[in-house]
Amino acid sequence: MRHITKEFLTDRSTPDSFRFSMSCSECGKEWNSNPVTFSKAGVEPATEGKRIIFETLYQREKEAALERAVEEASNAFNQCPICKRLVCDYCFLICDDLDLCISCATRLQEKGEPVMQYA
Ligand SMILES: [Zn+2]
Ligand SMILES: [Zn+2]
């Protein structure tokens, strides 16, 4: 089941590229999707008609980039089964019975190893 939807992502797109971000509910660290360049980046529309075409193209490509960003975010974040928050790999622990976020693990006195550890 997908635990991340478009609503979770913040739009950081520019006129030339599409990028979305999301923050970990535990540590607040911001994650950014891989930027996708607009196919008409830097191209000046020659006519009013082209301008409208480009704008529509922009919206379409942005929507596609958002879909991809949701996929990427789904890999980068974990949903804690207890508090339902979305946390990054550094804040999510692999425990014996149920994998939990750091806060819940501490509260429930469960021990575990984070999915990723700071080097
Ligand atoms: Zn985190
Ligand atoms: Zn939790």
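Numbers for the structure displayed
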{"quantity": "Thr47 being surrounded by fewer than 12 Cβ atoms within 10 Å (Cβ to Cβ), closer than 30 Å to Ser103 by Cβ and away from ligand 2 (no atom under 16 Å from the Cβ)", "calculated": "no"}
{"quantity": "Enumeration of residues in region 84-119 that are of a type in the set (A, V, I, L, M, F, W, C) and farther than 20 Å from Glu30 by Cβ", "calculated": "Leu93, Ile94, Cys95, Leu98, Leu100, Cys104, Ala105, Leu108"}
{"quantity": "Of all residues making up region 2-28, the number that are at pLDDT 95 or above and part of a loop (DSSP other than H, G, I, E, B)", "calculated": "12"}
{"quantity": "Residue within region 52-71 that is in a loop (DSSP other than H, G, I, E, B), in contact (Cβ under 8 Å) with a residue 60 or more places away in the chain and in contact with an Asp or Glu (Cβ under 9 Å, 6 or more places away or on another chain) present", "calculated": "no"}
{"quantity": "Residue within region 90-109 that is surrounded by 18 or more Cβ atoms within 10 Å (Cβ to Cβ), within 13 Å of the chain's Cα centre (by Cα), among the hydrophobic types (A, V, I, L, M, F, W, C) and modelled with pLDDT of 95 or more present", "calculated": "no"}
{"quantity": "Subset of region 83-119 [basic (Lys, Arg) and either part of a helix (DSSP H, G or I) or touching a helix residue (DSSP H, G or I) at 6+ places or on another chain (Cβ under 6 Å) (or both)]", "calculated": "Arg107"}
{"quantity": "Cβ-Cβ under 6 Å pairs, at least 6 apart or on other chains, region 11-26 side on the phi < 0 side of the Ramachandran plot, far side of a type in the set (Gly, Ala, Ser) and surrounded by fewer than 17 Cβ atoms within 10 Å (Cβ to Cβ)", "calculated": "Arg12/Ser21; Asp16/Ala41"}
{"quantity": "Selection count, region 75-102, where residues are away from ligand 2 (no atom under 13 Å from the Cβ) and touching a strand residue (DSSP E or B) at 6+ places or on another chain (Cβ under 8 Å)", "calculated": "5"}
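The values are calculated or read from the model by the stated rules, or taken from the named source; none is laboratory data. In this text the structure is predicted, and so the values were computed from the model without any measurement. Cβ sites come from the backbone with ideal geometry, for glycine too, and all protein chains shown count toward neighbours.
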